[in-house]
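Here's the structure, in structure tokens; my notes come after.
Readers should treat all values here as calculations from the given coordinates under stated rules, not as data from a laboratory. On a predicted model such as this, the values are computed, not experimentally measured, just so you know. So basically every Cβ, Gly included, is an ideal-geometry build from the backbone, and we count neighbours across all protein chains shown.
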Amino acid sequence: MSTTPTPSATPGVVTDPVKRRPAPALPAAALVLGLVVLGLLVLLSLAVGQRDVAPGEVVRAFTDPGAGNPDHVAVRTVRLPRTALALLVGAALAVGGALVQTMTRNPLAEPGILGVTAGAALAVVVTTILLPDGSQAGRMLAACAGAAAATVVVHAVGRAEPLRMVLAGVALTAVLSGVSLAIRLADAEAFDSHRFWSVGSLAGREQLPLLLPALVVGAGLVAALLLSRPLDAIALGEDVAHGLGVPVLRVRVLTVVTMTVLAGVATAVAGPIAFVGLIVPHVARRVAGGSVPWLVTLSIVLGGALLVGSDVLARVLLPTGDVPVAIVTAVLGGPVLVWVVRRRLAGA
């Protein structure tokens, strides 16, 4: 059976939509494998720490908790909330990266690289200084506003040109991070209260209330899944999307809003963590092919797995204490960024 080639987003290039889709069994198998790996990493996260706990004791901490057992208490009150936070933040950042890469057709786009997380972080620091007794909802709202402002600035300066956007994002990140650090150093009390948060570490965040962030991130992930099908059509070209009845402008606006909320909330609760939104979508895309719904679905699972695994590494790398998880993701993401740039230059 013959198929009619569909114009791609790149002028002069014709893409066959049948060839760009993977076999349905491949992403489904990758999803199942990802869930298995995620489950193992969650178990490892609950077992590993300053005092290791046997996997059997981890299970008993929930099924048959011993009264006063310090291992059971540590698993339930410290490691479980920290693991849940890692899952939440990893999924939010990964899906945010997948959305912005799909919308801009820029493989280098990622909230951390484009300055979105730096804008959110600065907004949280300013809000904390001005309103030290402010609520968690207020900080999350401020983070989303800061992320939105950074997004507007980067798009205005970058003018949708991929490398220019990345350079604008890196420059904006440096400026905003410097301003944020100067504010924290000028106020010793604020610096101490942001000691763990400011470096992108999950340590010391175990008692953070997670209900509101979980609800907002959950809503953002649902919105991303709903937007994935119209984004699938837009990826074939705006003319094709219009022909299929997709409201392109509305979808783009909603995508930017969803990405901003996900990145802003993740930054508000865990601090600035970069490269998760770069690594995960590139791994997921190699399995999902051109399917945006599969890309978003896999990014949710793999994003949580990446940050949980990185947090486990952060606990065991140094015998004297935890390494900020943002450093681990940067070490993992740096080579990925170099690889993507080299591929892009080779293609050019």
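Label-to-label distance for residue 32 and residue 238 is 4.2 nm, based on points extended 7 Å past Cα in the beta-carbon direction. For the chain, the direction-averaged projected area of the alpha-carbon convex hull comes to 19.3 nm². The long axis of helix 25-47 is offset from the longest Cα principal axis of the chain by roughly 10 degrees.
Multiplying the residue separation of residue 43 and residue 341 by 0.36 nm and removing their Cα-Cα distance gives an extension gain of 103.7 nm.
Please give the Cα centre distance for the stretch 225-243 versus the stretch 20-99, rounded to the nearest Å. The distance from the Cα centre of the stretch 225-243 to that of the stretch 20-99 comes to 34 Å. Note on residue 52 and residue 77: the model spin-label points, each 7 Å out from Cα along the C-beta direction, lie 2.5 nm apart.
Backbone phi angles across the stretch 143-154, fed through the Karplus curve with coefficients 6.51, -1.76 and 1.60 (θ = phi - 60°), yield HN-Hα couplings of 4, 5, 5, x, 5, 5, 5, 5, 4, 4, 5, 5 Hz in residue order; Gly and Pro are listed as x. Rounded to the nearest 20 debye, the dipole size of the stretch 82-347 about its Cα centre is 620 debye, using +1 on the Cβ of Lys and Arg and -1 on the Cβ of Asp and Glu. Sequence-ordered 3J(HN,Hα) estimates for the stretch 255-267 from the Karplus curve with 6.51, -1.76 and 1.60 and θ = phi - 60° stand at 5, 4, 4, 5, 4, 5, 5, 4, 5, x, 5, 4, 5 Hz, glycine and proline given as x. Remark: 164, 82 ranked as 164, 82, counting other beta-carbon atoms within 10 Å and listing the fewest first. Modelled spin labels at residue 286 and residue 181, positioned 7 Å past Cα toward Cβ, are 3.3 nm from each other.
Helix 116-130 axis versus longest C-alpha principal axis of the chain: approximately 40°, rounded to the nearest ten. Given +1 at the Cβ of Lys and Arg, -1 at the Cβ of Asp and Glu and no other charges, the dipole of the stretch 98-242 around its Cα centre is 100 debye to the nearest 20.
Note on 110, 206: ascending count of other Cβ atoms within 10 Å places them as 206, 110, the fewest first. The 3J(HN,Hα) values that the Karplus relation (6.51, -1.76, 1.60; θ = phi - 60°) gives for the stretch 317-332 are, in residue order, 5, 10, x, 8, x, 7, 8, x, 5, 5, 5, 5, 5, 5, 5, 6 Hz. Gly and Pro appear as x.
Among 129, 183, the ranking by other beta carbons within 10 Å of each residue's beta carbon, starting with the fewest, stands as 129, 183.
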